[in-house]
Amino acid sequence: MRPILRYLLQRLLQLFPVLLGISGITFALMRLTPGDPAEIMLRADGIKPTYEAIEATRHAMGLDGPVHMQYFHWLYRVLHLDLGHSYSSSRPVFTELMNRSPATVLLTGCSVLAAVLIALPMGIGSALYPGRLLDRMGRVCALLSVSMPSYWLSLLLIYYGAVKLRVFPVMGMDGVSSVILPALTLGFGMAGVYIRLIRSSLLDVLRMPYIKAARAKGLQEWIIITIHALRNALLPSLTLLGVNIAGLLGGSVIVETIFSWPGIGKYAIEAIFAKDYIVIQGYVLWMAVVVVLINLTVDWLHLLLDPRIRLR
């Protein structure tokens with residue numbers, strides 16, 4: 001257990017330079033974007049700013065100093081969980097991200113669950129019965145999944161599920177039923193890749209010598225599939241799932257916007273349209289933290305599932 005903890009600690013320490021580099025790049029890009037944050041803030045308050053008002057606001061925001069000093073002051077505030085205040089709403093960015101995180105986490109969990117419920121049985125069935133009806137159904141499902149744009153599937157589900165059948169809410173977060181349509185949209189969009197990946201990985205594993213040895217020992221087929229074969233076949237899917245979860249936790253911009261889901265993605269797209277640079281800056285840093293933590297979690301799960309990694 002100590003080598004695993006040592007490995008995870010080393011990976012965790014390696015994340016700090018990555019986050020520091022991302023914070024520096026993000027800060028520099030925000031300073032290169034057109035528009036004056038002081039003027040944007042004043043116009044958001046409905047004020048036609050004068051030159052003196054803009055300069056006074058820039059001084060109050062600390063934007064009249066050297067760029068490197070602005071970065072160090074911003075980094076110091078970030079370390080104290082202060083990502084600044086939105087130009088358009090004057091609310092703390094960190095507080096807004098935390099308030100919208102439960103909606104995004106709920107949508108992410110339901111989307112992953114939908115993708116697993118679709119992809120896992122179809123992928124396993126396609127691998128166990130190649131060329132048969134179940135395999136052909138899996139291919140059709142995977143083709144539809146990767147071919148349908150998320151915005152088109154969203155509108156289709158809204159039309160039939162909310163307008164025609166009147167079973168689900170059209171938009172917004174109102175009870176458990178409101179998460180079903182956006183979760184199905186995202187889950188079905190991810191399922192196609194996993195169906196093909198699980199099928200190909202499981203077919204490769206079933207040809208391995210240790211599977212033949214397990215069958216020669218007289219083990220039941222379901223034990224061979226679930227305990228010996230599927231455990232190794234799911235490793236590539238686990239890596240891809242980590243990437244998808246990180247993206248979903250950052251907010252699915254299109255789906256959240258269509259369904260008016262009060263998540264982080266909708267918050268980010270509103271900030272982009274409003275040129276609220278401080279929110280965009282905080283969102284990018286949030287995404288960086290989420291991605292590196294998800295990658296660390298996936299590496300830890302690989303250590304648990306694959307003994308060969310622990311031996312190396």
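The values are calculated or read from the model by the stated rules, or taken from the named source; none is laboratory data. Small disclaimer: the values here were computed from a predicted structure and weren't measured. Cβ sites come from the backbone with ideal geometry, for glycine too, and all protein chains shown count toward neighbours. With ligands, DNA and RNA removed, areas are computed over all heavy atoms of the protein, side chains included. Shrake-Rupley method; radii C 1.70, N 1.55, O 1.52, S 1.80 Å.
For HIS85, the amide hydrogen comes within under 5 Å of the amide hydrogens of VAL93, counting only partners 5 or more places away or on other chains and with H modelled in the peptide plane.
The label point for ASP174 and the one for TYR151, both projected 7 Å from the Cα toward the Cβ, are 2.5 nm apart. HN-Hα J couplings of the stretch 274-287 from phi, Karplus 6.51/-1.76/1.60, θ = phi - 60°, integer Hz, Gly and Pro as x? Each residue's phi maps through the Karplus curve to give 8, 6, 8, 5, 5, 5, 4, 4, x, 5, 4, 5, 4, 4 Hz.
Ligands, DNA and RNA excluded, the heavy atoms of ILE264 present near 0 Å² of accessible surface to a 1.4 Å solvent probe. In the chain, the DSSP-assigned H stretches of four residues or longer account for a calculated mean residue ellipticity at 222 nm of -23500 deg cm²/dmol, using -39500 (n - 2.57) per stretch and the full residue count as denominator.
Using C-alpha pairs under 8 Å with a sequence gap of at least 6, the mean separation divided by the residue count of the chain gives a relative contact order of 24 percent. Extension gain for ARG77-ARG6 works out to 22.5 nm (0.36 nm per residue, less the C-alpha to C-alpha distance). Mind checking which lysines have their Cα closer than 24 Å to the Cα of LYS266? Skip sequence neighbours fewer than 8 apart in that chain. Straight-distance partners of LYS266: LYS275.
Averaging the inverse of every distinct alpha carbon separation and then flipping it gives the Kirkwood radius. What is it for the stretch 27-165, in angstrom units?
20.3 Å
Using the 1.4 Å probe convention, the accessible area of the chain works out to 56 Å² per residue with neighbouring protein chains retained.
The angle between the Cα long axis of helix 93-128 and the main principal axis of the chain comes to about 20°, on a 0 to 90 degree scale.
Take 103-113, 123-133, 219-229 and order them by the average number of nearby Cβ atoms within 10 Å per residue, most first; the result is 103-113, 123-133, 219-229.
Charging the Cβ of each Asp and Glu at -1 and of each Lys and Arg at +1, and nothing else, the dipole of the stretch 37-176 about its Cα centre rounds to 780 debye. Rounded to the nearest 20 debye, the dipole magnitude of the stretch 177-312 is 760 debye, with +1 charges on Lys and Arg beta carbons, -1 on Asp and Glu beta carbons, and the Cα centre as origin. For the chain, take the longest principal axis of its alpha carbons; what is the angle in degrees between that and the long axis of helix 264-273, to the nearest 10 within 0 to 90? Computed tilt is about 40 degrees. With respect to the chain, whose longest principal axis is taken over its alpha-carbon atoms, helix 2-32 is tilted by about 40°. Taking Cα centre as origin and charging only the Cβ of basic (Lys, Arg, +1) and acidic (Asp, Glu, -1) residues, the dipole magnitude of the chain rounds to 1700 debye.
Extension gain, ALA274 to THR226, is 12.2 nm, computed as 0.36 nm per intervening residue step minus the present C-alpha separation. Peptides 67-80, 180-193, 270-283 ranked from most to least packed, by the mean per-residue count of other Cβ atoms within 10 Å: 180-193, 270-283, 67-80. So, with a 1.4 angstrom probe, what is the percent of accessible area on the stretch 203-273 that is carbon and sulfur? After summing per-atom areas, the C and S share lands at 70 percent.
The relative contact order of the stretch 58-155, computed from alpha carbon pairs under 8 Å that lie at least 6 residues apart in sequence, is 9 percent. Element breakdown for the stretch 85-131 at a 1.4 angstrom probe: carbon and sulfur atoms account for 70% of the accessible area. Spin-label pair LYS212-LEU293: with each label point 7 Å from Cα along the Cα-Cβ axis, the two points sit 4.7 nm from one another. Here Rg and Dmax of the Cα atoms in Å was computed from the coordinates, and among (i) 24.2, 86; (ii) 27.6, 117; (iii) 25.3, 99 the match is (i).
Couplings 3J(HN,Hα) for the stretch 158-164, derived from phi with the Karplus relation 6.51 cos²θ - 1.76 cosθ + 1.60 (θ = phi - 60°), are 5, 5, 7, x, 10, 7, 6 Hz, where x marks Gly and Pro.
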